[in-house]
1. Could you please rank 131, 55, placing first whichever residue has the fewest other Cβ atoms within 10 Å of its Cβ?
2. With each pseudo-label sitting 7 Å past Cα toward Cβ, what's the residue 159-residue 97 distance in nm, one decimal?
3. What is the fewest-to-most order of 61, 124 by other Cβ atoms lying within 10 Å of their Cβ?
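The numbers here are math on the coordinates, done by the rules we state, and not lab data. Being a predicted model, the structure only gives us computed values, none of them experimental. Cβ: placed from backbone, ideal geometry, glycine included. Neighbour counts: every protein chain shown.
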Amino acid sequence: MTEFDPEQFETELHTLRPSKPPEQVLERIRTRVQALPKTASLLTRPGSQTLRWAWAVRWLVPAAAVGVLALTLLSHHTTRQLQPAPNPALTLVKPALRADKVEIDRQMVADFDAVTELPSGQPVRFRCEQWMDKVRLRDSRAGLVIERTTPRVEIIPIRFETY
């Protein structure tokens with residue numbers, strides 16, 4: 001019985017060359033590629049710029065949401081200060097919300113791959129991610145907690161390699 005040597009096996013694998021596919025398979029691939037519209041080939045090859053933008057947008061969207069929320073609260077508080085103060089004897093005015101603790105949470109609920117066909121018959125693969133975004137504002141002075149939970153689904157097209 002001979003002993004298995006992984007180094008020798010790997011050297012033998014490096015010397016092997018793959019065989020050419022049958023001409024029928026190559027011809028079928030050529031006809032399908034020629035039948036595809038030009039825009040489809042552009043969509044299946046995301047460039048590095050597209051990936052950079054997708055990464056930047058993934059982080060900028062939650063940050064922008066918090067910024068808009070903070071600006072809204074700030075403008076509400078500023079508008080109340082610019083208005084003439086009402087007579088405290090006539091009305092009881094509660095102070096504006098002062099968020100002394102803000103929490104932003106992003107939790108992945110599920111992720112899976114899906115494969116489907118375009119109307120042209122070309123297979124397409126997607127990476128689907130389900131997220132739960134949570135923003136919590138706390139005003140310790142007033143004993144108030146505002147919490148907002150939003151589900152989100154990200155669908156990312158992935159190049160479908162065929163050999």
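1. Placing the least packed residue first, the sequence is 55, 131.
2. 4.6 nm
3. 61, 124
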